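The values are calculated or read from the model by the stated rules, or taken from the named source; none is laboratory data. Since the model is a prediction, treat every value here as computed from it, not as a measurement. Counting neighbours? That spans all protein chains shown, and the Cβs are built from the backbone with ideal geometry, glycine included.
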Amino acid sequence: MRSEVWQRYGSINGVGAGLRDRQVRDRWLADGTHVQFAVLANAWKETVRDAMADIAANLEAAKVDVRRAISRRTNDPAERKRMFTALKAHQWADDPFLSRQMRKRWRRGRNRTHDQIVVRADQYSTAVDGRGRLWLAVPGLERRRMVKIPLTTTVTPAGTLRLILRGGRVEVHYQIDAAQMRSSQRPCGEATIGVDKGYTEALTDSDGQPHGEQLGDLLTRESDRLKERNRRRAKLRSIANSAALRGDRAKAHRIKANNLGTTKRDRQAARHRARVRTEIFTAVHEVVDKAATVIAEDLTKRFTGRKQLPKNINRRLAAWTKGVTAEALKSVSERRGSALVHVNAAYTSQTCHRCGAFGRRSGDRFHCTSCGVVWQADVNAAINILHRVGDPDIALHTPHHKVKQILQDRTDRHRTRLPVQDSSPATAGRRAKHPNRSTTSNK
Ligand SMILES: [Zn+2]
């Protein structure tokens, strides 16, 4: 049913023209489309609504890119406003520029969701049996015949449920009010702190403190495991294929069913994702314990519009954790009342926070060739990020090459004013405050 909705309405003439799920329901009721699926009315209506919402989200993601394209095309505020409004009101089809942009960035998507249903709050019930086990009853394919599912939790789900069938088990997903969560009651700190995202640790803050130090290990272990597993699966697949070529269909089938299944693989992947999320969320909570304001790079920026994550396992994991870090920063800040300020992070890992000159990074050390100091690279970057918030010249969207020019001009000016460098007491003081971890510890 989801595929049908995507196929019919996942384009310019459907959701792109502002079509609503209610209108689709009316059409289907009128022409009998729903009959072929042989499910109860509530079930198909909820699925239509959910699939239409997926298409709308897909469309909105494309619009982010088009808005950028509009900003690049014209500086005239009236013209910009006209185009933004047309885009918002689904009236971009009449404007040649907008329609070209939308067609370019919003390719017809397809349904990728095959394992879930949505159940409205008034459609299910829960009960506790004699042994204290919690059961969930949801409508099945026949009227008044509920499907009863034992749950592994004692917390009763509430509101709209999303039931996902994964590896022969049912996952029950539902929204909770973040204000009710225990971590939301924890107050935030008072400081203003810059953070840099890393690979070995989830975050390093501008006080020099690392957070989420297990992240690197978790990712390395997962990456090694995946490489080894993929190698083994490829070998098994080739054995199965050559068995099939020889005519030994039974063997080929056995290997495919017993050794190349997805149940265990998916379960392991889910477990790994949960571990990484916990590590990252804990790291962000530690930062917010100290901070009333968190200054960070906008980590969501480079994702929008990208269709697929990179093929290389390491890079794919890094890109994914970046998204989780962005989500954690946003959600924890909202819940605990700290402010999250995004800054332009261009060259923050390549310049010295003390003198502003470009330096060299090798591993986790940063060498400033101008003042001759070695900093812990992530700490240096976090301090630079912290300083960006008050920078009069570098705004959030200042292009990369302009940032470089500004930084270059500053160091040139600095050099002419201060011909003699380093060995000043200020250096020693700062070094004590932001100790170079790579030299003070034997890590
Ligand atoms: Zn320097």
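Can P150 be described as surrounded by 12 or more Cβ atoms within 10 Å (Cβ to Cβ) and more than 24 Å from the chain's Cα centre (by Cα)? For P150, the condition - surrounded by 12 or more Cβ atoms within 10 Å (Cβ to Cβ) and more than 24 Å from the chain's Cα centre (by Cα) - is not met. Can you name the residue in the range 91-115 that is polar (S, T, N, Q) and out of contact with any Lys or Arg (no Cβ under 7 Å at 6 or more places or on another chain) and, of all such residues, is surrounded by the fewest Cβ atoms within 10 Å (Cβ to Cβ)? Looking at residues that are polar (S, T, N, Q) and out of contact with any Lys or Arg (no Cβ under 7 Å at 6 or more places or on another chain), I get Q91.
From the list N384, N314, the one residue that fits, being touching a residue at least 24 places away in the same chain (Cβ under 8 Å), out of contact with any Pro (no Cβ under 6 Å at 6 or more places or on another chain) and within 14 Å of the ligand (Cβ to nearest atom), is N384. Based on what the data block shows, is A292 more than 21 Å from A318 (Cβ to Cβ) and out of contact with any Ser or Thr (no Cβ under 6 Å at 6 or more places or on another chain)? Spelling it out, it is not the case that A292 is more than 21 Å from A318 (Cβ to Cβ) and out of contact with any Ser or Thr (no Cβ under 6 Å at 6 or more places or on another chain). Within the range 358-371, residues that are under 18 Å from T204 (Cβ atoms) reach partners that are part of a strand (DSSP E or B) and within 13 Å of the ligand (Cβ to nearest atom) with beta carbons closer than 6 Å, at six or more positions or on different chains, in the pairs G359/F366; G359/H367; R365/V374; F366/W375; H367/R360; H367/V374.
Within the bounds of the range 10-32, is there any residue that is basic (K, R) and either touching a strand residue (DSSP E or B) at 6+ places or on another chain (Cβ under 6 Å) or under 29 Å from T300 (Cα atoms) (or both)? Taking every residue of the range 10-32 in turn, at least one turns out to be basic (K, R) and either touching a strand residue (DSSP E or B) at 6+ places or on another chain (Cβ under 6 Å) or under 29 Å from T300 (Cα atoms) (or both).
State whether the residues of the range 364-381 include one that is more than 16 Å from the ligand (Cβ to nearest atom) and within 20 Å of G198 (Cβ to Cβ). Checking the range 364-381: at least one residue is more than 16 Å from the ligand (Cβ to nearest atom) and within 20 Å of G198 (Cβ to Cβ).
Taking first residues from the range 11-27 that are in the same structural domain as K88 (by TED's automatic domain parsing) and partners that are charged (D, E, K, R), the Cβ contacts under 7 Å between residues at least 6 apart in sequence or on separate chains come to S11/R108; G14/R8; D21/R49; R25/K45. In the range 126-148, the residues that are of a type in the set (F, W, Y) and assigned to a loop (DSSP other than H, G, I, E, B) never reach a residue that is surrounded by 10 or more Cβ atoms within 10 Å (Cβ to Cβ) and modelled with pLDDT of 95 or more with C-beta atoms less than 6 angstrom apart, at least six apart or across chains.
Listed here are the residues, each with its yes/no results for (1) small (G, A, S); (2) in a helix (DSSP H, G or I); (3) not assigned by TED's automatic domain parsing to the domain that holds G198.
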position: N230; (1), (2), (3): no, yes, no
position: R233; (1), (2), (3): no, yes, no
position: A250; (1), (2), (3): yes, yes, no
position: D266; (1), (2), (3): no, yes, no
position: A269; (1), (2), (3): yes, yes, no
position: H272; (1), (2), (3): no, yes, no
position: T278; (1), (2), (3): no, yes, no
position: V287; (1), (2), (3): no, yes, no
position: A292; (1), (2), (3): yes, no, no
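State the number of residues belonging to the range 336-353 that are part of a loop (DSSP other than H, G, I, E, B) and either touching a residue at least 24 places away in the same chain (Cβ under 8 Å) or more than 16 Å from the ligand (Cβ to nearest atom) (or both).
10
Pairing each residue of the range 241-269 that is closer than 30 Å to L218 by Cβ and of a type outside the set (V, I, T) with any residue that is in a loop (DSSP other than H, G, I, E, B) and modelled with pLDDT under 90, provided the two are 6+ apart or on different chains, yields C-beta distances under 8 Å for K264/G167; D266/G167; R267/G167. As a summary of the residue check, S333 satisfies the conditions (1) out of contact with any His (no Cβ under 6 Å at 6 or more places or on another chain); (2) within 14 Å of the ligand (Cβ to nearest atom) except for the one numbered (2). Residue selection: L163 fails the criterion of being part of a loop (DSSP other than H, G, I, E, B) and surrounded by 10 or more Cβ atoms within 10 Å (Cβ to Cβ).
A357 - would you say it is within 16 Å of the ligand (Cβ to nearest atom) and crowded, with 18+ Cβ neighbours inside 10 Å? Spelling it out, A357 is indeed within 16 Å of the ligand (Cβ to nearest atom) and crowded, with 18+ Cβ neighbours inside 10 Å. Taken together, S362, S370 contain a single residue that is at pLDDT below 90 and either surrounded by 15 or more Cβ atoms within 10 Å (Cβ to Cβ) or touching an Asp or Glu at 6+ places or on another chain (Cβ under 7 Å) (or both), which is S370. The criterion of at least 1 residues that are in contact (Cβ under 8 Å) with a residue 40 or more places away in the chain is met by the following strands (runs of 3 or more DSSP E) wholly inside the range 168-219: 191-197, 203-205.
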